[in-house]
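To start, the structure itself, in structure tokens.
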Amino acid sequence: MTFILNPMEVRTLQKHALYALQVFHAFCTEHDLKYTLAYGTLIGSLRTGKMIPWDDDIDVVMKRSEYDRFVVLAKDHLNKEVFVQNYHTDPEYIHAFTRLTVEGSLAIQEDWAELDFHKGIFMDVFPLDKIAPEHKREQHMRQVNRYRRMKMGKLYAKNESSVNPFVDSIKRFLLKPFSFQYLNRKLDEAAQTYNNDPSLNLISSMMEGIKAYYMRFAIDQSYFDDIVEVEFEGRLYPRPRRADEILTQYYGNYMEPPSIELQEPHHGFVEFKFRDDIDDLLKNS
């Protein structure tokens, strides 16, 4: 059962993610790495200049060349408090994108509770890769989604929402030889299939939810070359100049909050541990 947070607890959770963002931003500034706020974080920056009150993480995106440089330069830590989590540094990690987790904290998601990887409070860093030419998009989408489906197949037998536990148990048995690290690496490679084609301009994040994300979130890469600073949570962070166009494509009328019943954290957390010194970390970073 998902843990219900009160507003003060949600804000404490957000402070951990904001600390990770501050450390990430300082690292990117030091190494001349370009990124932008994204998704719900970008919405919050335009609505109020703060995180959406019920949001439970922070999202940023980087063009693939910047993302790859970041992964190499960051290795496994940004500082002693922020772990750089991806399939290189944490083999059992479920996702193909990078997650920055705050050491000494805990945020366990119900779907991944039994997996053995770091589960600190986090922010997410997504790479942007080129969309295939129109006549090859379905094929590319299937190629990328194949590895995501294999990852999910390894988990379904343990998931109470499984429709057919027997069939899913067979799937898990057949998929046992394939590690999460291997599947994430193959997914990551598949996402990059068309990055060297200079005739292509549309880019998108293809790490998770590929069917929904492939075209709905496809944006001309030039949008991410024209970056401005926006005040967010009391500090300046980068966002695309044409953020309104991007968010309108993604979400429609993004300035209008959803209905009350949808105003809640969305990661399905079931257990938390907060750091007592998070305010000091934020102040001193």
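Of note:
- Counting the residues of the stretch 235-262 that are of a type outside the set (F, W, Y) and open to solvent by 60 Å² or more (accessible area, probe 1.4 Å) gives 15.
- Those strands (runs of 3 or more DSSP E) of the stretch 57-108 in which 3 or more residues are in contact (Cβ under 8 Å) with a residue 40 or more places away in the chain occupy 59-63, 98-102.
- One residue stands out among those in the stretch 59-73 that are basic (K, R) and touching a helix residue (DSSP H, G or I) at 6+ places or on another chain (Cβ under 9 Å): the one that is surrounded by the most Cβ atoms within 10 Å (Cβ to Cβ), which is K63.
- If you filter the stretch 1-43 down to residues that are touching a Pro at 6+ places or on another chain (Cβ under 9 Å), touching a residue at least 60 places away in the same chain (Cβ under 8 Å) and not hydrophobic (A, V, I, L, M, F, W, C), you find that the one that is farthest from V60 (Cα to Cα) is T2.
- Yes/no for E208 being open to solvent by 90 Å² or more (accessible area, probe 1.4 Å) and of a type outside the set (K, R): no
- The stretch 167-193, subset in a loop (DSSP other than H, G, I, E, B) and in contact with a helix residue (DSSP H, G or I) (Cβ under 7 Å, 6 or more places away or on another chain), residue nearest to Y223 (Cα to Cα): Q192
- Restricting the stretch 170-190 to residues that are modelled with pLDDT under 90 and of a type in the set (F, W, Y) leaves a set whose member that is most open to solvent (accessible area, probe 1.4 Å) is F173.
- When each of D76, D90, D56, D111 is tested for being at pLDDT below 95, open to solvent by less than 30 Å² (accessible area, probe 1.4 Å) and either more than 15 Å from F272 (Cβ to Cβ) or in contact with a helix residue (DSSP H, G or I) (Cβ under 9 Å, 6 or more places away or on another chain) (or both), the lone residue that passes is D56.
The values are calculated or read from the model by the stated rules, or taken from the named source; none is laboratory data. Given the structure is predicted, the values throughout are model-derived calculations rather than measurements. Glycine gets a Cβ as well: all are built from the backbone with ideal geometry, and neighbour counts include every protein chain shown. Note: accessible area is taken over every heavy atom of the protein model, side chains too, but ligands, DNA and RNA are not part of it. Shrake-Rupley method; radii C 1.70, N 1.55, O 1.52, S 1.80 Å.
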